[in-house]
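Okay, so here's the structure we're looking at.
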Amino acid sequence: MAEEQKKKLCRFWIWALSSVAFRLILISFPGNLNLSARPEVSTPLTSIRRLAEGYWLKQASMSPYAGSMYHGSPLLLSVLGPLTVQRIKGQPSHLLCSLVFVIADILSAMLLRGIGQKLQMAYGLNARLLGFLKSSRDKVILPCGDIAALVYLWNPFTIVSCVGLSTSPIENLAVILALFGAVTRRVPLAAFGLVIATHLSLYPATLTIPIIFLLGYGLDAPPIKLFLQTRSVENEETSTSTVSKQAKLKQTTHIPFLWKTVAHFLFWVLLWSLYVLVLCALSLNKYGGLEEMFKRTYGFILSIEDLSPNIGVFWYFFAEVFDFFRNFFLIVFHVNILFMLLPLAIRLKHRPCFLAFIYLAISSILKSYPSVGDSALYLSLWALFVNELIDMKFSFFLFCGYLGISLLSPVMHNLWIWRGTGNANFYFGNAIGYACFQIVFVVESVSAMLNHDRALKRSNSNHR
Amino acid sequence: MAAVNRDNEEEVKTDDGSPKIKPRPIVRLGIFLIAHSPVFSVVFSAAGVLALLLLPLLAKNTYISENALMPGSARSMLSNRDVSDGSKLVKDIKNFRLNHEGQGVEVQKLIGKYMSDMGAEVSYQKFHPEGNQFHPLHFFSGPDSYTLLENVSCASYGVNVAGIIRAPRGDGKESIVLVTPYDFINGGDYEDLSLGIVSSLFSLLSRVTWLSKDIIWLVADSRYGDYRPVAAWLTEYHSPSFKVSDLLKCDEQNTADNFRRAGTMAAALVLKVDGRSEKFEDTLSIYAEASNGQMPNLDLINVVNYLAVHRQGFYVKVEKVVSLLSSSWLKIFGEIFEAVGKLAHMLNPDWNFGIPAADYLEGSATLASSLYSQALGIPTGPHGAFRDYQVDAITLKVSPRFPPDSKTRQHDFFLRGARLLEGTIRSVNNLLEKFHQSFFLYMLTSPSKFISVGVYMIAFALLVAPLPMVAASLYIDGCKSLTNSTDNPTENFKSWKWLDAAKQVFTLHLFGFIVTLLPYFICQVPGQHSPTNRSIMWGTTSSSLLLITFVTMPGCSPFSSRLHGTNWAILKSVTISAAFIGLCLMSIINFATAEIGALLLVPTCLMAQPIKPALRSRRLKSLLGAFCSIVLLTIGFPVMFFAISKGLLGEGLVGLSLGGEFWTWLESLWAWKSATYLYIGMVHLPCWLLCLCILFHPS
């Protein structure tokens, strides 16, 4: 058994290292691949070219936001900007940035692995508490952390956005950092990740809800009712996990919400946001200050000023809509995300990590400037739940759909932009197809998760 | 995509089997289709082939879609004086060549002098006739400017001459291009005629007041082929390289800084005169296919066709496969369709879809040629270079009905040729936007009949429709048999059983990718090798790679004795899905390739099934099925198919020379950046291998 474990671990590291090697090979010919110019990979928010331009403007004592080129965070500018001008002779430009992105990817994968190990432990514990898992040989628990890390590292979307020099690996790292902090109950870390992620791309702000749930209720677990029904629970001592607390407190009708931790978390969020804002204000004090930053970053995201094609569905719509209705539709489109937050939070409050995955997937569909990097993030988070989602339907269909769409997208773009025989509808049709597949994916994941809970309940009642 | 969507929905609904929800009608339809997939796949494939044969019947008459063109509405202004200018140029060139044997540059200067006498700005451009190189990553990237050869010799280079007339009403932002390929060293008499026609026209255009687009006349140095000089000139025009080329030092004549430009090109016409017409009239052949089956806007062809037929009385034709005209089976089809059309007309006089059998034959021969040259992806003339820059261009090949030295006829010929070009230019001159009204995706069945994308896609859609259906039904079967066979209920990853098969499919596609890239490395092998040797190298490396794949990954091998995890039904389902995605992608890149590929690949994929149970059962039906799949697989092997199609054309090839021929053919494909090459390597070959795996599956 231990031998096998060791072998598996060895295999994991081989695959992880080979993915890094693969990236390094791809980085060495950027001119040929020309990925950084692809609309699927780099959006106005994540493109490194724009970042380099912003840095150049700043070096020339101008506002980095002048000319509507750069729309990212000023902090990212200070960190990555110097790397964009550094050239090593004989090497492709932006090599250092690529290396930073590779490192970000590795870190993300390791953090995902950490999250997965926690979730796996919780899954095993819960199963044992509910009495499904008498012995360890009874049912195989998949090492979801390893799987998620490998899915993240080998996902073509991740590789493409890493090699294609978009800043999404860093945004993804921040999101995963927040989740990791919440899962391992390192409150300041969670707050830091959340604040940075929100600062970089705004949409991760929705993750506040799952993180509060994670800190308040503990890790993903079957609904509390099941535990109440269970009579015979082995009293196992695992003080670190909140699940055992649930087991101990099974007489009460609900699990306690740890207000203190949450308050702690909110305090840290406040502290980190203040810190980030002060840093931003310092770096921009000559160029319009924070107001300018909010206008040029969040304002740019929310008002969808750039209508260049991407894999989302907004650009086409807002290129067509009359100016008179523009504000109305802006509100309608953005409220879409907000509408879904509450119902999902109520239904899935016992599974906060899964809730975070769903939020990220939804925001990647309804984002104003989505890229494949966002899909890479939610796809790897999805892999954290392989144990629960093992009976997910449509898997093959979805796989074929994602594959087909991602191959079709460059072809349609070529037809429209280079050959001139197609038109914008070709590319937009592809974007609609992509959105549809994503929606099917989210719906199927949620229903598979709910079915899993139902199955637990059914077998639990049979058990008795 | 929609088809898969629907089918898979059904598939899951049936998996679910919850009695409470009654499925919607569309779901029930899908279930019905999947349940009877063998019948429907036969029906759909047959319908697809039939629809392909019906295409000449469905062709519509062309019409001029853009109103601004107004062809033939203005009276021609070309006078005898202009024509005599043209004749003079031809005469001068002939005299010059008689006196100065083999002095190419001087002829160019002569032409340049003529141009500047007419008031045009003249520029000379030197280019190097570089060989086409295969670079695997340059497919689909836009035209590249960074292919500068490092050390070029002065021994061989060509010189293009370009003259520009500035439009009196224009702002220099738009232009129309006329190209005459001309071999300065040993150009024949017919080539002189093309210069004569264009110079007559040029003489007129330098005087007219209605021009609003600049006119560029490019005399391309066709010593190194027609295409290369035009492509070199276009590259310099659109994306100049700022490095100083070595070519400039080669000659005393300075061509560096006088390259002239005239804005975006609205259209381009390539004029060639060759051979004598077999017909009684002067013949005009239109060539339109550019790389990867791209076509110029149909309106351009319409205008030329309209003016040539109705104004100048040319006999207009497009290329056709001559051997099909005499094929008896096609004739039978034509007669059947004619009879059916007559019958329908008798039943209801409004039904007029029947065409005479002879027309049908002509139409299908033209369509076959159109399909063939689109599928090959190699441009049929210098106009192909323009398409890379989104400029609509066609090649006009005129064959006069008189011998080239007849002076009296020449005048009339110049007059009509130049008037045709004048009318076309006048129409294009009227355009306010670039060509966009008419079709870009079409196929011609005659110069005045076309099949639009909406019609020909039906044939393809019918042909590939069985693929998702059969994939879904096999997937369900595979899942069922798996759930029955596995005793361990806890280890029931029902929904993920396809992962193993997907791994195998992916491995073989990766193999196909590597095989596609191998020629690049084989070309790098030092030393001169004949195509045969190179093909042998390629064959051995690929087959050894395949062996390595099979040895290291026993799951992939068709010959492993032990029964491995993958169920053949699931493997086939994944294979078919991969083939479906590949074919659909290809149909968007290059329809003709996808159509021909689907004709080969769809039956192969559908028929493939393990041969062992068929042999064991010894039933006639299963033996027949196995035999069919073996035959289809044999034909489906690319080399084999190449040999067969060569054999049909009457060039029997055997043994190693076949390999050499095949290599040369592929080399031409990748040299022209044809997507067909990618299709063969990355879709056809892996799917063919997978079908082979299924055939020898140890089940």
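The values are calculated or read from the model by the stated rules, or taken from the named source; none is laboratory data. Keep in mind the model is a prediction, meaning the values are calculated, not measured. Glycine gets a Cβ as well: all are built from the backbone with ideal geometry, and neighbour counts include every protein chain shown. When the accessible area is computed, the model is the full protein with side chains, heavy atoms only, and any ligands, DNA or RNA have been set aside. Shrake-Rupley method; radii C 1.70, N 1.55, O 1.52, S 1.80 Å.
Magnitude of the Cβ-charge dipole of the protein assembly as shown, K/R +1 and D/E -1, about the Cα centre, nearest 20 debye?
The calculated dipole for the protein assembly as shown is roughly 3440 debye.
Output ³J(HN,Hα) for segment A:66-77: one whole-Hz value per residue in order, computed from phi by the Karplus curve 6.51 cos²θ - 1.76 cosθ + 1.60 with θ = phi - 60°, and x for Gly and Pro.
Going residue by residue, I get 5, x, 6, 9, 9, 9, x, 7, x, 5, 4, 4 Hz, with x marking Gly and Pro.
Read phi for every residue in segment B:33-50 and hand back ³J(HN,Hα) as whole Hz from Karplus 6.51 cos²θ - 1.76 cosθ + 1.60, θ = phi - 60°, with x for Gly and Pro.
With the stated coefficients, segment B:33-50 comes to 4, 5, 5, 10, 4, x, 4, 5, 5, 5, 4, 5, 5, 4, 5, x, 5, 4 Hz.
Just to be sure I understand the interface: list residues from segment A:378-416 that lose 50 Å² or more of accessible area between the chain on its own and the complete protein assembly, 1.4 Å probe.
Listed by number, the residues meeting the 50 Å² cut-off are A:Ile390, A:Lys393, A:Phe394, A:Ser395, A:Phe396, A:Phe397, A:Val411.
Ranked by accessible surface with a 1.4 Å probe, highest first, in what order do A:Lys6, B:Lys213 come?
I get A:Lys6, B:Lys213, largest accessible area first.
Check each of the trypsin sites (Lys or Arg not before Pro) in segment A:159-231 and keep only those in coil by DSSP with at most 16 other C-beta atoms within 10 angstrom; list them in order.
Those satisfying the criteria are A:Arg186, A:Arg231.
Take segment B:374-418, compute every pairwise Cα distance, and split them into 10 Å bins from 0; I just need the percent in each bin.
Result returned by the calculation: 22, 33, 23, 20, 1.
Could you report the accessible area of B:Glu174 in Å², rounded to 10, computed with a 1.4 Å probe on the protein chains as they sit in the structure?
Result for B:Glu174: roughly 60 Å² accessible.
Among the listed pairs B:Lys88/B:Lys407; B:Lys397/B:Lys646; A:Lys58/A:Lys286, which are separated by more than 22 Å between their Cα atoms?
Check vs 22 Å cut-off fails for B:Lys397/B:Lys646.
Let me confirm one metric for peptide A:422-431, namely the mean number of other chain beta-carbon atoms within 10 Å of its residues' beta-carbons.
1
Residue separation times 0.36 nm, minus the C-alpha to C-alpha distance between B:Arg75 and B:Ile644: what's the value?
199.5 nm
Cα axis of helix A:208-217 to longest principal axis of chain A: angle in degrees, 0 to 90, nearest 10?
Value to nearest ten degrees: 20.
Tell me which residues come under 5 Å, amide H to amide H, from B:Lys317 once H is placed; ignore anything under 5 positions away on its chain.
Long-range HN contacts for B:Lys317: B:Leu284, B:Ser285, B:Ile286.
Let me know the Rg and Dmax you get for chain A when you use only its Cα atoms, in Å.
Cα only, chain A: 23.0, 74 Å (Rg, Dmax).
Might you report the magnitude of the Cβ-based charge dipole of chain A about its Cα centre, with Lys and Arg at +1 and Asp and Glu at -1, to the nearest 20 debye?
Dipole of chain A, to the nearest 20 debye: 1160 debye.
Return the value, in Å² to the nearest 100, of accessible area buried between chains A and B (probe 1.4 Å, both sides summed).
What A and B bury together is about 3000 Å².
Straight-line reach from B:Lys480: which lysines have Cα under 21 Å away, leaving out those fewer than 8 places along the same chain?
Answer for B:Lys480, where 21 Å is the Cα cut-off: A:Lys393, B:Lys13, B:Lys494, B:Lys497, B:Lys503, B:Lys572, listed by chain and number.
Residue by residue, what Karplus-based ³J(HN,Hα) values in Hz, rounded to whole numbers, does segment B:162-170 have, using 6.51, -1.76 and 1.60 with θ = phi - 60° and x for Gly and Pro?
3J(HN,Hα) across segment B:162-170, in whole Hz: 10, x, 10, 9, 7, 6, x, 9, x.
Taking only protein heavy atoms and a 1.4 Å probe, what accessible area per residue, in Å², does chain A have with all protein chains in place? Intermediate values should be presented prior to the final figure.
Details: 20600 Å² over 464 residues.
Accessible surface, normalised per residue, equals 44 Å².
Just going by the charge dipole of the protein assembly as shown, with Lys and Arg at +1 and Asp and Glu at -1 on Cβ, which of A:His71, A:Val446, A:Val195 is farthest out on the positive end?
The residue sitting most towards the positive pole is A:Val446.
List the chymotrypsin sites (Phe, Trp or Tyr not before Pro) within segment B:38-93 that DSSP assigns to loop and that have no more than 12 neighbouring Cβ atoms inside 10 Å.
For chymotrypsin sites (Phe, Trp or Tyr not before Pro) across segment B:38-93 that sit outside H, G, I, E and B with at most 12 neighbouring Cβ atoms in 10 Å, the list reads B:Tyr63.
Kindly report the accessible area of segment B:426-482 per residue (heavy atoms of protein chains, probe 1.4 Å, no ligands, DNA or RNA), in Å².
33 Å²
Dipole of chain A (Lys/Arg Cβ +1, Asp/Glu Cβ -1, origin at the Cα centre): which of A:Phe29, A:Ala319, A:Leu179 lies farthest to the positive side?
Of the candidates, A:Leu179 comes out farthest on the positive side.
Assuming a ≥ b ≥ c are the square roots of the Cα gyration tensor eigenvalues, decide whether segment A:128-214 counts as rounded (a/c under 1.5), prolate (otherwise, with a/b larger than b/c) or oblate.
Here segment A:128-214 falls in the oblate category.
Under 11 Å from the Cβ of B:Leu431, count the other residues' Cβ atoms, weight Lys and Arg +1, Asp and Glu -1, and hand me the total.
Once all neighbours under 11 Å are counted, the net charge is -2.
How much mean residue ellipticity at 222 nm does chain A get from its helices, if each DSSP H run of length 4 or more adds -39500 (n - 2.57) and you divide by all residues, to the nearest 500 deg cm²/dmol?
Mean residue ellipticity, 222 nm, calculated: -22500 deg cm²/dmol.
Determine the share of chain A's accessible area contributed by carbon and sulfur atoms, expressed in whole percent, with a 1.4 angstrom probe.
Roughly 67 percent of what the probe reaches on chain A is carbon or sulfur.
Tally up the carbon and sulfur contribution to the accessible surface of segment B:396-444 as a whole percent, 1.4 Å probe, everything protein left in place.
52 percent
Would you mind computing the Rg to Rh ratio of the protein assembly as shown from its alpha-carbon coordinates, Kirkwood style for Rh?
Taking Rg over the Kirkwood Rh, I get 1.01.
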